[in-house]
Structures are given as C-alpha cells and as structure tokens.
Amino acid sequence: MGFPLTDAQRALEARARTLARDVIAPRAAEIDRSEDYPWDNVTALKEAGFLGMTIPRAFGGQGLGYLEAVLVIEELAKVCGVTARIAVETNMGALGAIMAYGTEAQKRLAAGLVLDGDKPAICITEPEAGSAATEMTTRADRKDGRYILNGRKHWITGGGVSRLHLIFARVYHDGVEQGIGGFIALRDDGPGLVVGRREPTMGLRGIPETEIVIEDLELDEERLLLPPEGLRRGFAQLMTAYNGQRVGAATVALGLAAGAYEQALDYSRRREQFGRPICEFQGLQWMLADMSIQLSAARALIHQAAADPGEGGFPDVTASAQAKVFAADMAIKVTNDALQIFGAAGYSRGNPLERMARDARMFTIGGGTAQILRTVVASKVLGRKLPQTRDGYLNQARGGA
Ligand code: FAD
Ligand code: COA
C-alpha cells in the first residue's frame with residue numbers, strides 16, 4: 001500500500017530490490033565489521049545507473065525525480081544502510097544544490113565526478129555550530145579574484161573518500177560580511193583542505209565521519225556556488241536544496257526499518273515455541289501490525305514530500321521535516337521491535353538485526369535533529385518564525401520581526 005506508482009517506477013524499484021538482494025545484502029555485515037568504504041558497492045550502483053539518477057540528461061544523468069530516487073534508496077537500505085546513504089548523497093544533498101544553482105562548468109564538474117563514482121560531501125557542521133548552523137565561523141575572504149577559506153568542520157560524511165566538497169562559509173568582501181555561501185572544493189585542490197580525525201561511530205560504520213580542517217584553502221571565484229538570489233539569501237537557498245537530503249535520510253531510516261520488519265515477519269513464521277509458530281501469539285501479531293502501520297505512514301510522508309516538489313524543484317521544508325522526524329523515530333522503534341521478535345538471536349552479531357538497530361539510531365541526529373525539525377514544523381503550524389537565540393526570542397516578544 002502506498003503512493004500510486006507508474007509501471008516505470010515499479011520496474012525501477014524491482015531492479016533496485018534485485019540488486020540489493022543479490023549483490024548488496026551479502027556484503028553488508030563485512031562492511032560493518034571492517035568499517036571500510038564499500039567501493040565495490042559503488043561500482044555496482046554505478047553499473048546499475050543508481051548514481052546520479054537525478055542529474056539532468058544534458059549532463060549525462062537520467063533526469064529522474066526525487067520519488068524515483070527514494071524508491072531505489074529504500075530497497076538498498078532494507079539490506080545495507082551504508083550503501084543507501086551513498087545513493088542519497090549521489091542523488092541529493094550537495095549534488096542537488098550544484099545541479100540547481102551551479103554554472104554550466106560547476107554542473108559539469110559535479111555530474112562528471114558523481115557519475116564516475118564520487119559521493120559528494122556536504123560540509124556545514126562545526127564544533128561550535130551544530131543545530132545552530134547559522135553560527136558557523138568558517139570564513140571565505142575574497143582577495144585578488146580568489147577566495148581564501150579558513151575554518152573547521154566536523155562529522156563530515158565521506159571525509160577522506162569524497163573528492164567533491166560543498167563547504168558552507170561566511171563570505172567577506174573587503175572585510176564586510178556578505179552572507180553564507182557554498183564553495184565547491186576538491187580534495188586535491190591543494191594542501192588547504194585537510195581530512196582530520198575520523199569519529200568511531202555506533203552504526204553506519206562503512207562511511208567515514210571526519211573533521212575537515214580548512215587552512216588558507218585558495219579557490220577561484222568560479223568555485224562559489226551562487227544561488228539565484230545571491231549571497232544575501234545564500235544560506236536559505238542552500239538549505240532549500242538540503243531539504244532533498246532530509247527526504248533521502250528519512251528514506252534510509254524507512255528502508256532499515258522495513259528490512260528489519262520483513263526479517264522479523266519471516267522469522268515469526270518459522271520460529272516455534274509452545275508448539276506453535278511465534279506469529280500465532282497475539283502479543284507479536286499486534287507488534288507486527290503496529291510495525292506495518294508505522295512503515296506505511298512513514299512511506300506515505302516520504303513519497304508525498306518527494307513527489308511534490310516546492311520551491312526550486314526541491315521537497316518542501318515542512319514536508320521534508322515531517323517525513324524525517326516521523327521516519328527517524330519510527331525506525332528506532334521498528335528496528336528494536338524486530339530485534340525483540342528474534343529473541344536472543346536478534347542480540348547476536350551473527351544476525352543483521354543488531355546492526356540495523358545501531359544504523360537506525362543515527363537519523364534523529366544527523367541532517368537536523370528531531371528537536372530542530374519539530375521546531376521547523378511548529379513554525380509552520382504557528383505561522384511565524386521561532387527564533388531560538390535568546391536575542392531573537394526577546395526581539396520577537398517585543399514585537400520585532
Ligand atoms: P547540538 O546542536 O549540540 O544539539 C545537542 C542536543 O540539543 C540535541 O538533542 C538537539 O536536538 C538539542 N537542541 C539543540 N538546539 C535545540 C533547540 N533550539 N531546541 C531543542 N533542542 C535543541 N554535518 C555536516 O555538515 N555534514 C555531514 O555530512 C554530516 N554528517 C553527519 C553524519 C552523522 C552520522 C552524524 C551523527 C552527524 C552528521 N552531521 C553532518 C552533523 C549533524 O548535522 C549534527 O550532528 C546535527 O546538526 C546536530 O548538531 P550537534 O551534534 O552539534 O548537536
Ligand atoms: N529550507 C528552506 N529554507 C530554510 C531552511 C530549509 N530547510 N532552513 C532555514 N531556511 C531559511 C529560513 O526560512 C530563513 O529564511 P528567511 O530569512 O527568509 O526567514 C533562513 O533560512 C535562516 O533560517 P532561520 O531559521 O531563521 O535560521 P536560524 O539562525 O534560526 O538557524 C537553522 C536555524 C536553520 C540552522 C536550524 O533550523 C537547522 O536547520 N539546523 C540544523 C542544521 C542541519 O540540518 N545541519 C545538517 C548538516 S548535514
């Protein structure tokens with residue numbers, strides 16, 4: 001049950017399911033164990049045409065929409081969260097922003113890299129600016145037709161494996177701040193982009209999360225990604241593009257939960273206790289029913305957000321926040337319930353359930369926390385901005401903007 005899909009969309013989904021079952025699933029446990037980036041899966045995604053699906057045909061892609069991308073991502077996430085996240089970042093996120101706002105040369109650069117197997121990195125978060133992303137201090141100073149970037153990002157997905165980076169920075173011309181812009185930097189652009197410490201993570205272990213230290217990184221002016229309304233509106237428009245990534249992240253959470261549910265359903269039919277398959281016990285039947293209801297609801301929110309693009313062709317800010325909040329909370333519950341249905345076998349590292357539960361834990365944190373995204377939704381519900389800084393709140397309370 002779900003959003004009405006066309007025959008072509010169903011065929012795409014079926015193709016992703018087959019690749020996931022035959023090629024990706026057998027490798028998932030080893031990726032988790034080794035924590036190595038799965039280059040062989042990248043090749044498999046590339047050969048299947050699942051990298052850069054959303055890139056317009058004029059730039060070598062297939063010109064598919066976000067709905068097609070999420071159909072593929074869910075199938076991959078059912079068996080391997082890491083590989084599904086690679087599909088997110090090679091179809092959404094930094095790539096989406098560059099393909100929407102970039103110059104011809106920037107689009108050609110990004111499309112070429114992604115279609116060749118590169119997973120772009122998006123560099124927003126800093127040690128002192130997580131949820132409060134607009135408080136970032138990474139700066140780009142214009143000097144003699146070039147920009148010089150300095151700052152420190154952390155928790156950057158793909159640090160050390162990604163070539164393409166979209167770095168958010170405060171832009172200064174003659175020492176005067178112009179707004180927050182996005183800079184396209186390549187890992188081999190020079191010594192100014194340093195891949196720092198890798199975080200040891202709870203789950204999703206096959207993709208490095210690292211610091212990116214930016215020290216006097218010199219970039220040509222052509223590397224500034226200028227959204228339509230320029231630097232003044234830069235951050236808002238870059239975040240508009242980022243809504244696509246939020247829908248993608250929601251889909252990985254959905255897929256992990258759906259995969260865990262399918263395994264629990266199957267196990268509940270095979271495992272016998274008290275002389276009966278455990279699915280005959282009402283306690284488990286109601287768990288399975290609740291899981292299926294939650295999955296359908298998350299899928300509906302995600303498909304709605306993906307199929308109904310708002311500003312600039314990107315998923316709407318509220319719809320993507322709703323989808324991610326719901327899918328992320330749901331995935332924690334559903335993967336844990338699935339693990340419960342396996343009993344002790346679910347707690348064993350010999351089964352994928354414990355990996356899926358660890359992987360699912362991430363999605364209420366990365367890409368905008370569950371609390372921040374609820375504030376985004378509340379702002380829509382109440383029909384007004386909800387400034388989170390003390391000054392912004394006081395200003396609003398005194399009748400300011
Ligand atoms: P904080 O902002 O310090 O928040 C701490 C707690 O306080 C949270 O529970 C939060 O919800 C709560 N909180 C903060 N402010 C409020 C408020 N106003 N109201 C209510 N609650 C509040 N970043 C990138 O730029 N690029 C990436 O590729 C990337 N990948 C990531 C991958 C992973 C696996 C993870 C875990 C993170 C990644 N991040 C990335 C960083 C991520 O976006 C941040 O972790 C997130 O924005 C939260 O920031 P923080 O961790 O500093 O938490
Ligand atoms: N989609 C569209 N526009 C967005 C947006 C989004 N997802 N997030 C912010 N904006 C716009 C706002 O509407 C606002 O535009 P306006 O000036 O026309 O009103 C502008 O960007 C600034 O946003 P605002 O909410 O006023 O900023 P803030 O200083 O209060 O900071 C955020 C709050 C945006 C940083 C916070 O809500 C947030 O999203 N934090 C999580 C960051 C994140 O997702 N990091 C992931 C890194 S991978």
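The values are calculated or read from the model by the stated rules, or taken from the named source; none is laboratory data. This one's a predicted model, so the numbers in the text were calculated from it and none came from an experiment. Here the Cβ positions follow ideal geometry from the backbone for every residue, glycine too, while neighbour counts run over all protein chains shown. Keep in mind that these areas ignore ligands, DNA and RNA; they rest on the heavy atoms of the full protein, side chains included. Shrake-Rupley method; radii C 1.70, N 1.55, O 1.52, S 1.80 Å.
The residues of the stretch 12-56 that are without any contact (Cβ under 8 Å) to a residue 40 or more places away in the chain, in a helix (DSSP H, G or I) and under 19 Å from Ile302 (Cα atoms) amount to a single one, Ala14. Determine whether Met92 is more than 16 Å from ligand 2 (Cβ to nearest atom) and buried (at least 21 other Cβ atoms within 10 Å of the Cβ). The answer is no for Met92.
State yes or no: is Arg358 within 14 Å of ligand 1 (Cβ to nearest atom), modelled with pLDDT of 95 or more, open to solvent by 20 Å² or more (accessible area, probe 1.4 Å) and closer than 30 Å to Gln273 by Cα? Answer is yes for this residue. Evaluate the stretch 253-268: report whether one residue or more is within 16 Å of ligand 2 (Cβ to nearest atom) and open to solvent by less than 20 Å² (accessible area, probe 1.4 Å). So far as the stretch 253-268 goes, yes, one or more of its residues are within 16 Å of ligand 2 (Cβ to nearest atom) and open to solvent by less than 20 Å² (accessible area, probe 1.4 Å).
Selection of first residues in the stretch 104-129 that are farther than 17 Å from Gly93 by Cβ and of second residues that are modelled with pLDDT under 95, restricted to Cβ pairs under 8 Å at least 6 apart or on distinct chains, gives an empty result. Residues in the stretch 204-238 that are part of a helix (DSSP H, G or I) and buried (at least 20 other Cβ atoms within 10 Å of the Cβ) were compared, and the one that is farthest from ligand 2 (Cβ to nearest atom) is Arg223. Every test in (1) open to solvent by less than 10 Å² (accessible area, probe 1.4 Å); (2) among the aromatic types (Phe, Trp, Tyr); (3) farther than 24 Å from Lys324 by Cβ is passed by Phe59 save one, and that test is (1). In the stretch 133-147, the residue that is nearest to ligand 2 (Cβ to nearest atom) out of those that are over 30 Å from Gly366 (Cα atoms), in contact (Cβ under 8 Å) with a residue 12 or more places away in the chain and basic (Lys, Arg) is Arg142. Among the candidates Gly346, Gly392, the residue that is in a helix (DSSP H, G or I) and either surrounded by 15 or more Cβ atoms within 10 Å (Cβ to Cβ) or more than 15 Å from ligand 1 (Cβ to nearest atom) (or both) is uniquely Gly346.
Only one of the listed residues (Val334, Val381, Val325) is more than 11 Å from ligand 2 (Cβ to nearest atom), loosely packed, with under 15 Cβ neighbours inside 10 Å and of a type in the set (Val, Ile, Thr). That residue is Val381.
Can you tell me how many residues within the stretch 1-39 are open to solvent by less than 90 Å² (accessible area, probe 1.4 Å), closer than 15 Å to Val82 by Cβ and aromatic (Phe, Trp, Tyr)? Of the residues in the stretch 1-39, 1 are open to solvent by less than 90 Å² (accessible area, probe 1.4 Å), closer than 15 Å to Val82 by Cβ and aromatic (Phe, Trp, Tyr).
To keep it simple, each residue is scored yes or no on (1) touching a Leu at 6+ places or on another chain (Cβ under 8 Å); (2) under 28 Å from Ile31 (Cα atoms); (3) assigned to a helix (DSSP H, G or I).
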| position | (1), (2), (3) |
| --- | --- |
| Thr83 | yes, yes, yes |
| Val88 | no, yes, yes |
| Val114 | yes, yes, yes |
| Gly117 | yes, yes, no |
| Lys153 | no, yes, no |
| Ile156 | no, yes, no |
| Gly160 | no, yes, no |
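Selection of the stretch 109-141 for residues being crowded, with 16+ Cβ neighbours inside 10 Å and more than 12 Å from ligand 1 (Cβ to nearest atom) yields Leu109, Ala110, Ala111, Leu113, Val114, Leu115, Gly117, Asp118, Arg139, Ala140, Asp141.
Say whether the condition of being touching a strand residue (DSSP E or B) at 6+ places or on another chain (Cβ under 8 Å) and either within 23 Å of Glu35 (Cα to Cα) or in a helix (DSSP H, G or I) (or both) is met by at least one residue in the stretch 360-376. Yes, there is a match, as at least one residue in the stretch 360-376 is touching a strand residue (DSSP E or B) at 6+ places or on another chain (Cβ under 8 Å) and either within 23 Å of Glu35 (Cα to Cα) or in a helix (DSSP H, G or I) (or both).
In this structure, Thr318 does not satisfy being within 30 Å of Glu199 (Cα to Cα) and assigned to a helix (DSSP H, G or I).
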